[in-house]
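Report on one structure; see the data block that follows.
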Amino acid sequence: MKNYKIICATQKNSDDFKKESQLSLSIDKLGIKNNSIIRYENKIGLPKLYNSFITEEFKNNYLLFIHDDVLIEDLFFDEKISLAFDKYDIVGLAGSKKCNLASHVTAWHMMCERKDMVGEVSHSKDKIYWTTVFGPTDSRALVIDGLFIGVDVNKLLETNTRFDESFDFHHYDISFCLNANKNRLKIGVYPLKVTHFGLGDSMMSDEWKKSAEVFKNKYCN
């Protein structure tokens, strides 16, 4: 099996990350601190940060770009990561097999029909837990959600596939997947048990709306 590294960009400082972050709890419980690289107090756009790891230094590695509000609860995490990359070059948890670039709202779950959704993710808010089953898991996908994006570095280097640095914290996942698909990389979702403590409500922010305009101008025209 190739080595894997968890890459996380967090706005928290080191102490707050260790105290408050669900991902930090996961890293401790799974005993994978040596497999994790955390960028504390991050203000760099995620595409630029993620691209800094897609280099020869990390050749022969899987990189798992994970948000800090994701709790990994899968006891077979290592084994499943290996199995997922046996099938796919890019691995996510939830996404869609289609992406309608003519959609008025540029969020992946709004750019497809319900029947085209794949994967599942558990959620938590105010101590209430539930699981959203988008569709079949262990399935090919065209786009995946950015809460978890796993990549085979060798495949990205071979095809010169990178994240689009036109974006900072929104739309980087959809644009990355569209570019990866053009480069004939296999994208898929796999049944990894996690709970996401974020509900994707950033769509209401001015930053998201500005990013949406950039996305539309670059990918939808």
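A short reminder: the numbers here are calculations on the coordinates, not readings from a lab. What you see is a predicted model; the values in this text were computed from it and never measured. Every residue, glycine as well, gets a Cβ built from its backbone with ideal geometry; the counts of neighbours run over all protein chains shown.
Structure summary
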item: Single unsatisfied condition, ASN51 versus (1) free of Cβ contacts under 8 Å to residues at least 60 places away in the same chain; (2) out of contact with any His (no Cβ under 9 Å at 6 or more places or on another chain); (3) not hydroxyl-bearing (Ser, Thr, Tyr); result: (1)
item: Check on GLY198, in a strand (DSSP E or B) and either under 26 Å from SER139 (Cα atoms) or in contact with a strand residue (DSSP E or B) (Cβ under 9 Å, 6 or more places away or on another chain) (or both); result: no
item: Residues that are surrounded by 19 or more Cβ atoms within 10 Å (Cβ to Cβ) and small (Gly, Ala, Ser), drawn from segment 161-190; result: SER175, ALA180, GLY188
item: Filter result (outside any helix (DSSP H, G or I) and either in contact with a Pro (Cβ under 9 Å, 6 or more places away or on another chain) or small (Gly, Ala, Ser) (or both)) within segment 173-191; result: GLY188, VAL189
item: Lone qualifier among SER14, SER24 - being over 21 Å from ILE81 (Cβ atoms) and in contact with a Phe, Trp or Tyr (Cβ under 6 Å, 6 or more places away or on another chain); result: SER14
item: Single unsatisfied condition, LEU156 versus (1) under 21 Å from ILE54 (Cβ atoms); (2) aliphatic (A, V, I, L, M); (3) in contact with a strand residue (DSSP E or B) (Cβ under 6 Å, 6 or more places away or on another chain); result: (3)
item: Selection count where residues are buried (at least 21 other Cβ atoms within 10 Å of the Cβ) and either in contact with a Pro (Cβ under 6 Å, 6 or more places away or on another chain) or assigned to a loop (DSSP other than H, G, I, E, B) (or both), scope segment 113-141; result: 3
item: Near pairs, Cβ below 8 angstrom, 6+ apart or cross-chain, from segment 195-221 (within 21 Å of ASN100 (Cα to Cα)) to any residue that is small (Gly, Ala, Ser) and outside any helix (DSSP H, G or I); result: GLY200/ALA107; MET203/ALA107; VAL214/SER166; LYS218/SER166; CYS220/ALA102
